[in-house]
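The values are calculated or read from the model by the stated rules, or taken from the named source; none is laboratory data. Note that this is a predicted model, so its numbers are computed, not measured. Glycine also receives a Cβ, built like all others from the backbone with ideal geometry; neighbour counts cover every protein chain displayed. The area values use the complete protein model at the heavy-atom level, side chains included, leaving out ligands, DNA and RNA. Shrake-Rupley method; radii C 1.70, N 1.55, O 1.52, S 1.80 Å.
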Amino acid sequence: MSQEEEETPQTTTTRRTTRLSSSSNHTQNETLKKPITNLPSLTLKNLTFTHNNKPFTYDDLISSLPGRKPQIAEILRLLGPVNSPLSPLFVYGSSSTGKTSTILQVFKYLNRPFVYSSCRSCYNARQLFDNVLNQIMLHRRNGSNGYSGVKKCEKAADFVNFLKEGLRSVVEGLDGDMVYLVFDSLELVRDWDKSCTILPLLFRLSDVLKVDGVGLVFVSGASIDTYHSDTGFVDPVPVYFPDYTEEDLRQIFMRNQSNLKLRSAFLDVVLKPFCRVTRRLDELSTALSPLYEKYCEPLDDLSVVPNEETKRRLFSCIQPHIAPALNEIFRVKSQQSLEAGGKEGLKRKTSSKKFGTSDSIDDLDFHMSTSAKYLLVSAFLASRNPATLDASFFDSTGGSANQKKKRKSSEKSRDLKEASEQEMFMKGPGTFPLERLLAIFQCITSGLEDSLEEEEEGLQGGTGLGGNGGENSLMSDILLQVSSLCSANFITKGGSCPLEGSTRYRSTVSDDLALKVARSLKFPLSKYLYRR
């Protein structure tokens, strides 16, 4: 009875279809159930690139990476000849600047064994450890071993011991040749659990392993300053990858094109305006690909060499689509317009989160009154700056009196003061009392009382408040807006200080949001922000 019930749904189809579908389903199920065991075992040759009997020359290396010849030469110089001692390399730069491709192509050219592990494909330390150990011990996950790793690493000490064991066997199998460990997207490790112990371990891995013939290469989207800690590891050798120039991008987009004349005519009209917005290769590829299809739509023959009349006709096809692509797809980097000249110097001067490093537009996507914006900026400065520096930032003499006092102080006291200020700065946004917030607000709006009063009167609907009660009314409105900022979670309200007995506040706005608010006010935020 049960068999008849199972066969009834199949009676609606033909007998031929039922037999074919059942046989195909049976074959697919057998294929899925059968473990894949016919894969060849991994050998030491799997740690190097296979060239398919075609040599990969230096010219091939340079041509495959346009605009990266100086970086390639620097990396080859640092790697040196075979089995040369290598200090850890730290390759860093913005996203989509060719860091990973350059490292992989260099090892392909040198034909040296390496283990590549991307922190982007891992979300914790255990997965990263398993990935490294599986490669170094030539272990392949398959159905015969239950798709399990070669070793179980619950602790960092276990990873070090297993890695030391695997590296020694690999180096012996390579007759003493070096093997390199490449860790890509290292900046993502900072978001993992126990990252404060994982990152120092990776940077000190060569000292901890004490195995000859091992080189370390780190690839990161952030500078080495953002990884500093008190563990005492030696800084690796940095190799910086700048953004592509317009000529570099042109060479990249001209590669592997069947009609170079047509592609060049297209890039002549679109590349320059898009490079003003972004130089990231992935963003440009996403935007230019559909535009190029629109550009070629009127052509019946894609191999034609366009003349001036054809170029004008093709440009008219994509002209309506250029502005929407610039406005909707990309986001202007605030760092380029804030401090275009001192970007690299700023990276080396601060070890905290930088201003304007994320892609964001300058316009606020919400309405806020002018006084609320100044309050938001004041709260941001109160959380980011030490309270001891308020006088030097906001006094009427521009800090000249404090500078005279600093000359009389000893060098030791200055060092102690700077160390305490840096420690406070590294702790993140600090708390502040309401009195300090109002004092900073009054200092930065000292020349704007009239405009703020007019705005408050406009918000009140022209109630005619003035005379002696005008100042009290303005202060009550300021306190009301502080309460509104707390309700909107721009400012958090904490407990009272046991020593002062007053309520403490903390600014929760990001650097990008504070920068956009300051720009809308035309307020020089960087002038009042403490940076070591």
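Here are some notes:
Residues checked against (1) over 20 Å from the mean Cα position of the chain (by Cα); (2) open to solvent by 30 Å² or more (accessible area, probe 1.4 Å):
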site	(1), (2)
Gln105	yes, yes
Leu110	yes, yes
Phe129	yes, no
Val179	yes, no
Asp184	no, no
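- Here Lys69 does not fit the description of being in contact with a strand residue (DSSP E or B) (Cβ under 7 Å, 6 or more places away or on another chain) and not hydrophobic (A, V, I, L, M, F, W, C).
- Leu262 vs. criteria aliphatic (A, V, I, L, M), within 24 Å of the chain's Cα centre (by Cα) and in a helix (DSSP H, G or I): no
- Taking the numbered list (1) part of a strand (DSSP E or B); (2) in contact with a Ser or Thr (Cβ under 9 Å, 6 or more places away or on another chain); (3) of a type in the set (Ser, Thr, Tyr) in turn, Thr100 passes all entries but (1).
- Within the range 273-332, being assigned to a helix (DSSP H, G or I), among the β-branched types (Val, Ile, Thr) and open to solvent by 50 Å² or more (accessible area, probe 1.4 Å) holds for one residue alone: Thr286.
- Subset of the range 216-248 that is polar (S, T, N, Q) and more than 19 Å from Leu281 (Cβ to Cβ) - its residue that is least open to solvent (accessible area, probe 1.4 Å): Ser223
- Filtering the range 179-186 for residues that are in contact (Cβ under 8 Å) with a residue 60 or more places away in the chain, closer than 19 Å to Phe90 by Cα and of a type in the set (Asp, Glu) leaves a non-empty set.
- From the list Ser148, Ser144, the lone residue that is open to solvent by 60 Å² or more (accessible area, probe 1.4 Å), on the phi < 0 side of the Ramachandran plot and either in the same structural domain as Val208 (by the TED database) or over 31 Å from the mean Cα position of the chain (by Cα) (or both) is Ser144.
For every residue, the table says whether it meets (1) under 30 Å from Glu187 (Cβ atoms); (2) modelled with pLDDT under 50; (3) of a type in the set (Ser, Thr, Tyr); (4) not in a helix (DSSP H, G or I).
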| residue | (1), (2), (3), (4) |
| --- | --- |
| Glu4 | no, yes, no, no |
| Pro9 | no, yes, no, no |
| Arg16 | no, yes, no, no |
| Leu20 | no, yes, no, no |
| Asn38 | no, no, no, yes |
| Lys45 | no, no, no, no |
| Phe49 | yes, no, no, yes |
| Pro66 | yes, no, no, yes |
| Val91 | yes, no, no, yes |
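- Of the criteria (1) open to solvent by less than 80 Å² (accessible area, probe 1.4 Å); (2) part of a helix (DSSP H, G or I); (3) within 25 Å of Glu74 (Cα to Cα), which one Gln251 fails: (1)
- Some residue of the range 42-51 being open to solvent by less than 30 Å² (accessible area, probe 1.4 Å), under 27 Å from Phe162 (Cα atoms) and of a type in the set (Lys, Arg): no
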